[in-house]
Each structure stands twice: as C-alpha cells, then as structure tokens.
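What follows is a short report on a single structure.
The values are calculated or read from the model by the stated rules, or taken from the named source; none is laboratory data. These figures come from a predicted structure and were not determined experimentally. Please note: Cβ atoms are built from the backbone with ideal geometry, for glycine as well, and neighbour counts cover all protein chains shown.
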Amino acid sequence: MTLTAEFLSSLGDIRREEWNRVASQDYPFLRHEFLYGLEKTDCTTAETGWQPCHLLLRQGDDLQAVMPLYLKSHSYGEYVFDWSWADAWRRSGLEYYPKLLSAIPFTPATGPRLCVRDGVDAAQTWPLVTDALAQFAAKQDISSWHLLFPEEAVSEQLLELGTHRRTATQFHWFNDGYSDFDDFLSTFASRKRKNLRRERARVAEQGLELQTLAGSDISEGDWLQFYRFYQMTYAKRSGHAGYLTRDFFLETAPSLGDQVVMVIARLSGDAVAAALYFRSDDTLYGRYWGCEREFDCLHFEACYYRGIEYCIEQGLSRFDPGAQGEHKIQRGFRPVSTWSNHWIADSRLSAAVGDFTRQEEVHSREYQRQAAELLPFKAPG
C-alpha cells in the first residue's frame, strides 16, 4: 500500500466525520470535537506554543490513518519533562525548539495515538509514520519528535524502530468486580480501611453534599462555576489561570456528551468545588479539580472516592486519576507504567538521550516496586 503523508495546520481543514471515521471514538481525547475544540477555543495555537501539525496518511483521496501532532515552542503542558534536554541542546549550540509532539494536549492519559481505518494494520503503518516524520523534521530543521503516553505495544514497536523510550509511573484503580464501595474497602487492611472511612465521614461532617452529573445534565451555570474554580486553583498552585479557556468549558467539553462527568460539592446549596472527568467504555479519566476554598478531605472525596463509586456503578474496569500523586497509593491506586518515545535528529545528542533513558528505566522499576509495597490491601492468605 502506497500512502502519502499530509500535515494539517488546523483540524478545521478536515471534516469532522472524515477524521472521526478513522480516529478512536471511545477514547474521548482523539475525537475531532475535542482536538479541534481546543484549537477553536484558543488553547492550542501557535501563540500558546501548540501549533497544530496533525498527520494524515492517504491512499489517493481515501484517509487511511491519523495522528495528533503539534509543533511545540516550549515543553509546558506535557507531563513528560525534558527541560534538561533543551538545556543540553542550548549548551551544544543547537536549538531544541521547535520540536514535534504527538500527544493529547494537557492530558497525561495513556491511549491510542496513531489511528487507522478498518482493514489497515497499525503495526505495518508505524514505519511509514516514522519515515514521514523524519523527512518532515529534516525539511523544517526540527530537532526531535516525541510520542507521549502511547499504549505499551506501540511503545515497544517504536523502541524496535530506533526511538528511545522513557518509562514513568502513575497510580490507577482497577475494578476487580466490586459490588459497591464497601466491597472495595473490604480488601483493605483494618487500619487503612478505618482511615479512609474517617476521611469520607469528615466531608459529611462539614455539611458538604456531592452530586455526580454527566452529559446534558451539566448546565451552563455548572460549567461557568467549574471554570471559576479551575482558574482559582491553578492560580494558587501555579501562579497562572490554567491552560484551558472559558470557551473550552462552555463549548468543547459539553460537545462530548455523556463522555463528560462532573462531581459538584455544595455547601448550603451553593457550589464550592468540582471535579471533572472524561470516560470511555471501560475507563474513567480524572482530569481537573477546582475549589473556592479548602475543605478537609474534599479533594480525596471528589477526585478519588466518587470516581471509584462511579466506576463500580457503571461497570468501568479502570480509573486513571491523572499524573503523579503518591497519596493515591494508600487509597487503593496501584502503580502502573506509562511510556513515551523520542526520536532525536542529532546523533551525538541521541546517544546521550539513550544513555539517560536506560538509566531512568532502572530507577522507575525500583520506584514501582517500592510503591507497590505501600498499598493498603490485606496481606494475601
């Protein structure tokens, strides 16, 4: 099969139906509504350092494969940290930016990246993709290409194709067929179970009431409140208002329908905090949290325990609550590997990156082993 590569500077240049026919519809972050929504609401633009450069592969006029791709002028919003690499490039008299990035903006959620239409073999398509990206990088004088949070099999194949691979750790919850939250808690050691129940009781003692909404049940007023909470929390944590705009929450997120879930906390009837999730057929993705003031244990309740309850009620098999957070371990979230792959144009710097990633993987494996020993579950037997 002869495929021709095309690079799009805007998803507005391809019909939603054509993109979605190839892209995964179950994984919400690859839908045209989501990716083009980020672009239309000024979250991913050249001005924000996220210039769309999406890859299409065609056979004649027929679209065979798509992959989200961006020209990045910085490394913010990626959750795979390479600032030290940029510094090494600078010390070598080279420019690290722009770089090519295949990722879901601001979203450290493992999932498909290269999507192919029915009847096309993705594994056979990847060599064509890497060749197309290398040629594009050479023509545009681009330092590197990076693929963030791919599925394990894809990361393995790209390692075999000559990229470097980084391994990191997140903490995910897995549904072992629990009938309800108490059934899940029954797997905890006694002291750990009491601690978690105490946290949940503390939320109620403060007079807080929580409600879980999905899709069209989330009103425009709810979205406006959430955006306010999101801005306030980002400002406290990072000193800026966040990567996402007001229009993203009013236009893009609601366009995903029932793949969007919001937990709202109220005090005396007034919303004071909220957590935002996205979902697929088998996975819940915890993405954003915001509050107007601090309440004891509310973050754990809204962002973790209500998510676990939702997964049990809906029959979802996995809950990915986002990056980092060792405090998740004692709440029953298990350490899991995440991956990223990196192609470097300069041979000397590529060798240095290869040495770094091999050493990093050893440390990552040991970290996961130690983290697993801290899980709250009863000892087997």
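Quick look at the values:
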| item | result |
| --- | --- |
| Which listed residue is modelled with pLDDT under 95 and outside the structural domain of P150 (by TED's automatic domain parsing), from A265, A323 | A323 |
| Enumeration of residues in region 208-226 that are surrounded by 16 or more Cβ atoms within 10 Å (Cβ to Cβ), in contact with a strand residue (DSSP E or B) (Cβ under 8 Å, 6 or more places away or on another chain) and either assigned to a strand (DSSP E or B) or without any contact (Cβ under 8 Å) to a residue 40 or more places away in the chain (or both) | L208, L210, T212, A214 |
| Condition check for A323: assigned to a loop (DSSP other than H, G, I, E, B), in contact (Cβ under 8 Å) with a residue 24 or more places away in the chain and surrounded by 16 or more Cβ atoms within 10 Å (Cβ to Cβ) | yes |
| Failed item in (1) crowded, with 17+ Cβ neighbours inside 10 Å; (2) more than 23 Å from the chain's Cα centre (by Cα); (3) assigned to a loop (DSSP other than H, G, I, E, B); (4) among the aliphatic types (A, V, I, L, M), with L63 passing the rest | (3) |
| Given (1) out of contact with any Leu (no Cβ under 9 Å at 6 or more places or on another chain); (2) surrounded by fewer than 18 Cβ atoms within 10 Å (Cβ to Cβ); (3) touching a residue at least 40 places away in the same chain (Cβ under 8 Å), number of the condition D270 does not satisfy | (3) |
| Among (1) of a type in the set (V, I, T); (2) modelled with pLDDT of 95 or more; (3) closer than 24 Å to Q124 by Cα - the single one T2 does not satisfy | (2) |
| Residue match in region 183-191 (condition: buried (at least 17 other Cβ atoms within 10 Å of the Cβ), among the basic types (K, R) and more than 21 Å from F295 (Cβ to Cβ)) | no |
| Filter result for the condition that a residue is under 21 Å from P105 (Cα atoms) and either touching a residue at least 24 places away in the same chain (Cβ under 8 Å) or not assigned by TED's automatic domain parsing to the domain that holds L71 (or both), over V203, V129 | V129 |
| Flag for S190 being assigned by TED's automatic domain parsing to the domain that holds A302 and out of contact with any helix residue (DSSP H, G or I) (no Cβ under 8 Å at 6 or more places or on another chain) | yes |
| Selection status of S75, of a type outside the set (A, V, I, L, M), surrounded by 15 or more Cβ atoms within 10 Å (Cβ to Cβ) and at pLDDT below 95 | no |
| Scope region 206-241; condition modelled with pLDDT under 95 and polar (S, T, N, Q); matching residues | T233, S238 |
